[in-house]
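> Here's a structure for you.
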Amino acid sequence: MTTINDIAVSSTEMGDRIERLGVVGRGPGGGLVRFLYDDAWRAATDLVEGWMRHAGLQVRRDAVGNVFGRLPGTTDGERTILTGSHIDTVRSGGKYDGALGIIGGIAALAALKERAGRPRRSLEVVAICEEEGSRVAGNLFGSRGMLGLTSTAETAQLTDADGIAVADMMTRVGLDPARVPTAARRDVDHFVELHVEQGPVLDDTGVQIGVVTGIAGLRHQLLTVCGRPDHAGATPMDRRRDALQGAAAMALMIDDVTRCSGSPAVATIGQLQVLPGSVNTVAERATFSLDLRHPSDPVRHRLLTEIAGHCRIIADRHGLAVEITDRWEEPAAQMDTGLQQLLADTADDSGVSWSSLPSGAAHDSQLWARHVPTSMIFVPSVGGRSHCEAEYTPLEDCVRGATMLARVLYRMAY
Ligand code: GLV
Ligand code: MN
Ligand code: MN
């Protein structure tokens, strides 16, 4: 009879795959640019599909481009336990974010098939087509597809920075936007995601595995500050309505308000565009993004209201107008307590150290948790670095995380 300690994933194969997927989409600066339906995305999905086949899984792609590898169960009809993560990256991203959950999920299912045979309940690993919102502001598009939360109409409306609609991108990679509703599934009972922590807690404390308790809620906004274009040399300082000076004051205020609220509130301004963009013209328009997160949705909403109020005061003071547009909102999510316990017990039984921790980063699991019992397994990120080329998790930690995933799936499915 198989015990959980008989189940271990292949370290050589995982190491090789992390490196191989880790160059698909590598830009001139070194980091990865693998955006929804671009050439790198296509190459990456082909690569992981090949690995799923090699593991002897039943492979298919759905209507939004999620790639699945299935290990069919013996007794549960069509019900499924799903694991996996996203294949897209942020701009100049690292090679572990998302990729580890796919590579680790394939390794886990391969190990289970080899060491324990066919499960009672069906297991599937998925390479989710999109999570980051890097190319279009349609975050979690892959999981939303599986949960029936997107539509053909959305693919016509959502465009990238060049004005290309998602529907056209889909056609280019051989997907039919009219079939988007067919991606919806009703057969998934659980979602379990392996991911790098992306923050410093596990690395700082030397703990091997993170049992995620919940995920912070977030809102993305675009703030557009409007002033007046004027000559840089001829317009006295007291006659200006400089949109960038207004935006800069707002940025400093947002940082202050968030710091005063205290940890774990976080606010990030990652994008800024200034128009007309001439060195010798006062800025007419400055548009910047705001990403604000907190594990408590009421606290997050209160902070956003406070920030919006201060932005209006700053705009008035500078003779400017400000417009705030919501782009994405994802409420905070709780991971399933039964699955957290199962993961903690499995780590104890494996002699692996673990601690419970919340996730500041957003994940596909955040959405799945609102629909099915969901859990996340974290492995350390060296120096807490992520969303950059420096993102790194030693192979030993990746393998340990995938082995914990395999053992948890064993307890759930066999
Ligand atoms: C995704 O990684 C996010 O947290 O925004
Ligand atoms: Mn990410
Ligand atoms: Mn991720």
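> Quick check on region 354-363. Is at least one of its residues open to solvent by 20 Å² or more (accessible area, probe 1.4 Å) and among the aromatic types (Phe, Trp, Tyr)? Lay out the reasoning, then the answer.
Residues of region 354-363 open to solvent by 20 Å² or more (accessible area, probe 1.4 Å): 354-356, 358, 360-361.
This time we only want the ones that are among the aromatic types (Phe, Trp, Tyr), so: 354.
Yes; the residues of region 354-363 include at least one that is open to solvent by 20 Å² or more (accessible area, probe 1.4 Å) and among the aromatic types (Phe, Trp, Tyr).
> Given the conditions (1) free of Cβ contacts under 8 Å to residues at least 60 places away in the same chain; (2) within 16 Å of ligand 3 (Cβ to nearest atom), and given that residue 152 satisfies all but one, which numbered condition is not satisfied?
Residue 152 satisfies all of (1) free of Cβ contacts under 8 Å to residues at least 60 places away in the same chain; (2) within 16 Å of ligand 3 (Cβ to nearest atom) except (2).
> Scan region 367-384 and tell me whether some residue there is charged (D, E, K, R) and within 16 Å of ligand 3 (Cβ to nearest atom).
Taking region 367-384 and keeping what is charged (D, E, K, R), we get 370.
With within 16 Å of ligand 3 (Cβ to nearest atom) added as a condition, the list becomes none.
No: zero hits.
> Right, another one. Tell me yes or no: at least one residue of region 161-177 is within 16 Å of ligand 1 (Cβ to nearest atom) and of a type outside the set (A, V, I, L, M). Walk me through it before giving the result.
Kept after step one, since they are within 16 Å of ligand 1 (Cβ to nearest atom), are these residues of region 161-177: none.
For region 161-177, residues within 16 Å of ligand 1 (Cβ to nearest atom) and of a type outside the set (A, V, I, L, M): absent.
> Going through 369, 390, 402 one at a time, which residue ends up being over 17 Å from the mean Cα position of the chain (by Cα), buried (at least 16 other Cβ atoms within 10 Å of the Cβ) and in the same structural domain as residue 108 (by TED's automatic domain parsing)? First the steps, then the outcome.
Values: 369 fails: over 17 Å from the mean Cα position of the chain (by Cα); 390 fails: buried (at least 16 other Cβ atoms within 10 Å of the Cβ).
Among 369, 390, 402, only 402 is over 17 Å from the mean Cα position of the chain (by Cα), buried (at least 16 other Cβ atoms within 10 Å of the Cβ) and in the same structural domain as residue 108 (by TED's automatic domain parsing).
> Mind listing whichever residues of region 352-367 are assigned to a loop (DSSP other than H, G, I, E, B), farther than 14 Å from residue 204 by Cα and away from ligand 1 (no atom under 11 Å from the Cβ)?
352
> Further question: Going by the conditions given, is residue 407 modelled with pLDDT of 95 or more, open to solvent by less than 50 Å² (accessible area, probe 1.4 Å) and away from ligand 2 (no atom under 16 Å from the Cβ)?
On the way: modelled with pLDDT of 95 or more: yes; open to solvent by less than 50 Å² (accessible area, probe 1.4 Å): yes; away from ligand 2 (no atom under 16 Å from the Cβ): yes.
In short, yes.
> Now for a different question. Filter region 316-329 for residues that are acidic (Asp, Glu) and surrounded by 14 or more Cβ atoms within 10 Å (Cβ to Cβ) and give the result. Let's see the steps before the verdict.
First, pick out the residues of region 316-329 that are acidic (Asp, Glu): 316, 323, 326, 329.
Answer for region 316-329, where residues must be acidic (Asp, Glu) and surrounded by 14 or more Cβ atoms within 10 Å (Cβ to Cβ): just 329.
> Could you list, in sequence order, all residues of region 68-92 that are of a type in the set (Gly, Ala, Ser) and either more than 9 Å from ligand 3 (Cβ to nearest atom) or open to solvent by 10 Å² or more (accessible area, probe 1.4 Å) (or both)?
Filtering region 68-92 for residues of a type in the set (Gly, Ala, Ser) gives 69, 73, 77, 84-85, 92.
Answer for region 68-92, where residues must be of a type in the set (Gly, Ala, Ser) and either more than 9 Å from ligand 3 (Cβ to nearest atom) or open to solvent by 10 Å² or more (accessible area, probe 1.4 Å) (or both): 69, 73, 77, 84, 92.
> Of the residues that sit in region 229-272 and are in a loop (DSSP other than H, G, I, E, B) and either polar (S, T, N, Q) or within 28 Å of the chain's Cα centre (by Cα) (or both), which one is surrounded by the most Cβ atoms within 10 Å (Cβ to Cβ)?
Here is the first cut: in region 229-272, the residues in a loop (DSSP other than H, G, I, E, B) are 229-230, 232-236, 240-242, 262-265, 269-271.
When the remaining residues are screened for being either polar (S, T, N, Q) or within 28 Å of the chain's Cα centre (by Cα) (or both), the result is 235, 262-265, 269-271.
Numbers: 235: 16, 262: 8, 263: 9, 264: 13, 265: 19, 269: 16, 270: 12, 271: 12.
Across region 229-272, the extreme among qualifying residues is 265.
> What's the number of the only condition in (1) closer than 26 Å to residue 389 by Cα; (2) outside any helix (DSSP H, G or I) that residue 202 fails to meet?
(2)
> Which ones in region 330-344 are outside any loop (DSSP other than H, G, I, E, B) and surrounded by 15 or more Cβ atoms within 10 Å (Cβ to Cβ)? Show your work before the answer.
Keep residues of region 330-344 that are outside any loop (DSSP other than H, G, I, E, B), which gives 330, 333-334, 337-344.
Within region 330-344, 330, 333, 334, 339, 340, 342, 343, 344 meet the criteria.
> Scan (1) open to solvent by less than 40 Å² (accessible area, probe 1.4 Å); (2) within 16 Å of ligand 2 (Cβ to nearest atom) for the single condition residue 167 breaks and write down its number.
Among (1) open to solvent by less than 40 Å² (accessible area, probe 1.4 Å); (2) within 16 Å of ligand 2 (Cβ to nearest atom), the lone unmet condition for residue 167 is (2).
> Further question: Can you find even one residue in region 98-107 that is under 30 Å from residue 271 (Cα atoms), within 16 Å of ligand 2 (Cβ to nearest atom), of a type in the set (Val, Ile, Thr) and open to solvent by less than 10 Å² (accessible area, probe 1.4 Å)?
First, the residues of region 98-107 that are under 30 Å from residue 271 (Cα atoms): 98-102.
Subset that is within 16 Å of ligand 2 (Cβ to nearest atom): 98-102.
Next, only the ones that are of a type in the set (Val, Ile, Thr) stay: 102.
Now restrict to residues that are open to solvent by less than 10 Å² (accessible area, probe 1.4 Å): 102.
Checked against the condition, which is being under 30 Å from residue 271 (Cα atoms), within 16 Å of ligand 2 (Cβ to nearest atom), of a type in the set (Val, Ile, Thr) and open to solvent by less than 10 Å² (accessible area, probe 1.4 Å), region 98-107 yields at least one hit.
> Where residues in region 1-60 are modelled with pLDDT under 95 and open to solvent by 40 Å² or more (accessible area, probe 1.4 Å), which of them is farthest from the chain's Cα centre (by Cα)?
1
> Something else now. Only one residue in 151, 134 is surrounded by fewer than 24 Cβ atoms within 10 Å (Cβ to Cβ), of a type outside the set (A, V, I, L, M, F, W, C) and away from ligand 2 (no atom under 16 Å from the Cβ), so which one is that? Step through it out loud before you land on a result.
Working: 134 fails: away from ligand 2 (no atom under 16 Å from the Cβ).
Answer to the selection: 151.
> Right, next: Taking the stated definitions as given, is residue 375 outside any loop (DSSP other than H, G, I, E, B), under 28 Å from residue 79 (Cβ atoms) and within 16 Å of ligand 2 (Cβ to nearest atom)? If you could, list the steps in order and put the result at the bottom.
Working: outside any loop (DSSP other than H, G, I, E, B): yes; under 28 Å from residue 79 (Cβ atoms): yes; within 16 Å of ligand 2 (Cβ to nearest atom): no.
In short, no.
> If residue 135 passes every condition in (1) more than 16 Å from the chain's Cα centre (by Cα); (2) within 16 Å of ligand 1 (Cβ to nearest atom) but one, which one does it miss?
If we test residue 135 against (1) more than 16 Å from the chain's Cα centre (by Cα); (2) within 16 Å of ligand 1 (Cβ to nearest atom), just (1) comes out false.
> Sticking with this structure for a sec: Out of the residues in region 212-227 that are more than 16 Å from ligand 3 (Cβ to nearest atom) and among the aliphatic types (A, V, I, L, M), state the one that is surrounded by the fewest Cβ atoms within 10 Å (Cβ to Cβ).
222
The values are calculated or read from the model by the stated rules, or taken from the named source; none is laboratory data. This one's a predicted model, so the numbers in the text were calculated from it and none came from an experiment. Cβ sites come from the backbone with ideal geometry, for glycine too, and all protein chains shown count toward neighbours. Only protein heavy atoms, including side chains, enter the accessible area calculation; ligands, DNA and RNA are left aside. Shrake-Rupley method; radii C 1.70, N 1.55, O 1.52, S 1.80 Å.
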